[in-house]
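Each remark here refers to the structure printed beneath this line.
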Amino acid sequence: MNKTDRMLAIVIELQRKGVLRAEDLAAKFETSVRTIYRDVQALSEAGVPVAGAPGIGYSLMEGYFLPPISFQSEEAVALLIGADFVSMRLDAEFGAKARGAQEKIETILPDHVRKEAEQLRSTIRLLNVKREQTHGLEKEAFKQLRQAILHHRKVRFGYAKASAASEEPRHSERTVAPYGLVLSKGVWMLVAWCELRQDIRHFRLSRMHRLVLLEESFRNDPDFRFEDYRPVDDRCLVVRLWVDPAIVDRVRESDNYYMESLEPGDGGWLATFRVRQATDLLQWTLGWGASVYVLEPESLRERMREEINRLTQRY
């Protein structure tokens, strides 16, 4: 943290906490007490009314505040919860920035708005324990990729497809020019120019491994606009499943990426999916046991029979 940023942070901290000792500020900003003394002196010379009382600490004179930003309590809650989301779903560095933003937002709120916001926020929770444990590598990939995007540097990584056609290897090495990151249905994806495919492709961060930030730089395609980009939808195969009414709520809550509709049908529910190949749904369908069965296509029905025969042989 440079001196200017630290001085602003000191003002914010004093406005938020009221009274703080030089030792408290030094510990907060991981610097020496002598540096805090110099920062406070510089703030005073710049016209910030910092008062110091021996044995008590520093405080801002009553009535001083940073340039006002007016938030309604609901607006403040939206920003604070958004910062919670960033802290939980992105990498540690972004998480720290999000928590810093929360402190700044709380600082500028009038007392009555802050109290209302705290009350509203206390009734909303984001639970993320499983993602925190399972997706640590994904968060690290996110951190490296945003640095690559910012500095226009290529990256190389191993990539594992969920499934692949027989003529294609499931695992491949990719070198790409990263254009941007997209969160779709809870899944982070990288949009990038792929040297292997000589085209724009998108890659799930969770399927990347051995990610390396390269020294080689790249220039964005002048005809490519990330905000306008929509990947070509190549899910051309329609799959229809019959679902037992006893588990329909669980199927709906599973929020399968490929599901397009779930409607009442003959003696049960009809679930419709669009996939690239039948095996995209094989394991998911098997997981529901006899409560789900395939109506079409016949290729998936055949694969289901093959897998069930293998299970029968093992048990």
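A few remarks follow.
- 25 °C / 0.890 mPa s Stokes-Einstein diffusion coefficient of the chain, Kirkwood radius on C-alpha pairs, µm²/s: 100 µm²/s
- Förster radius 35 Å - calculated FRET efficiency between TYR258 and LEU137 (Cβ-Cβ, nearest 0.05): 0.90
- Residue among PRO222, PRO231, PRO110 with the largest mean-square fluctuation in a Gaussian network model of the chain, springs linking Cα atoms under 10 Å: PRO222
- Note on the chain: helix-only mean residue ellipticity at 222 nm, from DSSP H runs of 4+ residues weighted -39500 (n - 2.57) and normalised by residue number, equals -13000 deg cm²/dmol.
- For ARG21, the residues whose modelled amide H falls within less than 5 Å of its own, excluding neighbours fewer than 5 places apart on the same chain, are TYR58.
- Accessible surface of the stretch 244-302, 1.4 Å probe, proportion on carbon and sulfur as whole %: 47 percent
- Label-point gap, in nm, between THR31 and LEU295 - each point 7 angstrom along Cα→Cβ: 6.8 nm
- Taking each of LYS17/LYS104; LYS104/LYS139; LYS3/LYS28; LYS3/LYS139 in turn, the alpha-carbon distance tops 19 angstrom for LYS104/LYS139; LYS3/LYS139.
- On a per residue basis, the chain carries 62 Å² of accessible surface, using protein heavy atoms and a 1.4 Å probe.
- Helix 136-151 and the long axis of the chain differ in direction by around 70°, with both axes built from C-alpha atoms.
- Computed over the chain with a Gaussian network model linking Cα atoms closer than 10 Å, the most mobile of ASP280, ASP228, ASP255 is ASP228.
- Ordered from longest to shortest, the equivalent ellipsoid semi-axes for the stretch 8-66 are 16, 12, 11 Å, each the square root of 5 times a Cα gyration tensor eigenvalue.
- Percent accessible area from carbon and sulfur atoms, the stretch 1-84, protein chains only, probe 1.4 Å: 55 percent
- Rounded if a/c under 1.5, otherwise prolate or oblate - the stretch 232-315, Cα gyration tensor axes: oblate
- Under 5 Å, built H, 5+ apart or other chain: amide partners of ILE200: CYS194
- For the chain, the relative contact order is 10 percent, taking Cα pairs closer than 8 Å that sit 6 or more residues apart in sequence and dividing their mean separation by the residue count.
- Global geometry of the stretch 1-120, whether rounded, prolate or oblate, following the gyration tensor of its Cα atoms and the 1.5 cut on a/c: oblate
The values are calculated or read from the model by the stated rules, or taken from the named source; none is laboratory data. Here the structure is a predicted model, which is why all the values come from computation and not from measurement. No Cβ is skipped: glycine too gets one built from the backbone with ideal geometry, and neighbour counts run over all protein chains shown. Areas reflect the complete protein model, heavy atoms only, side chains present, ligands, DNA and RNA absent. Shrake-Rupley method; radii C 1.70, N 1.55, O 1.52, S 1.80 Å.
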